[in-house]
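Only the coordinates and a few stated rules stand behind these numbers; no lab work does. Fair warning: this is a prediction, and the values are worked out from it, not measured in the lab.
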Amino acid sequence: MSVILTQTDTTVGFLSHNAQKLYEIKSRQTSKSFIKVYRDFSCFLNDANRVPQNFKNEIRRSKKTTFIVKNRAFRVAKPPLNSQILNDLKWSFSTSANKSGKNFNREICEDKADIIIEDKNNLSEKSSSKLYKVGLNKKRRLR
């Protein structure tokens, strides 16, 4: 599977179905998993995921927010760019486009990506998503 460099709903990111390729690009420890981004809430549910009933509506309607449920990090986000490639992806692993702990460097990231998708606004590093750990009855903000 290809690695895509694009503007995500939060910042510049790499998207792929192949987590191993993303680990290599990021020089990241394999013990640290990636966020799985779903195109919509129905794709999330069709991937055999479940969330506590108390938070179902909040998760479905959330914007720029990542949730951790049962040690699985995910986000529901429509592709911000009108691209057929992005619209066809029901889900993908997502990570910021940089080496772990470093800032975005366009040249390095373009070398690592198989496909680059951008619009007239170019690629820009922005703030990361909010991050919540969700339990049966409560949630805790981590970022």
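Brief remarks follow.
- The orientation-averaged projection of the convex hull spanning the C-alpha atoms of the stretch 7-86 amounts to 5.9 square nanometres.
- Relative contact order [Cα under 8 Å, 6+ residues apart], the chain, whole percent: 38 percent
- Partner lysines whose Cα lies under 21 Å from the Cα of LYS120, excluding those fewer than 8 positions away in the same chain, are identified as LYS78.
- Computed per residue of the chain from DSSP H runs no shorter than four, each worth -39500 (n - 2.57), the mean residue ellipticity at 222 nm is -5500 deg cm²/dmol.
- Here is the tail figure for the stretch 5-143: Cα pairs spaced more than 25 Å apart come to 25 percent of all pairs.
- In this structure, the residue pairs whose Cα-Cα separation is over 23 Å, taken from LYS36/LYS126; LYS36/LYS99; LYS26/LYS70; LYS32/LYS139, are LYS26/LYS70.
- Remark: the stretch 103-110, residue by residue, has Karplus-estimated 3J(HN,Hα) of 8, 5, 10, 4, 4, 5, 5, 5 Hz, where x stands for each Gly or Pro and the curve is 6.51 cos²θ - 1.76 cosθ + 1.60 at θ = phi - 60°.
- Cα centroid separation - the stretch 38-85 against the stretch 8-29, whole Å: 18 Å
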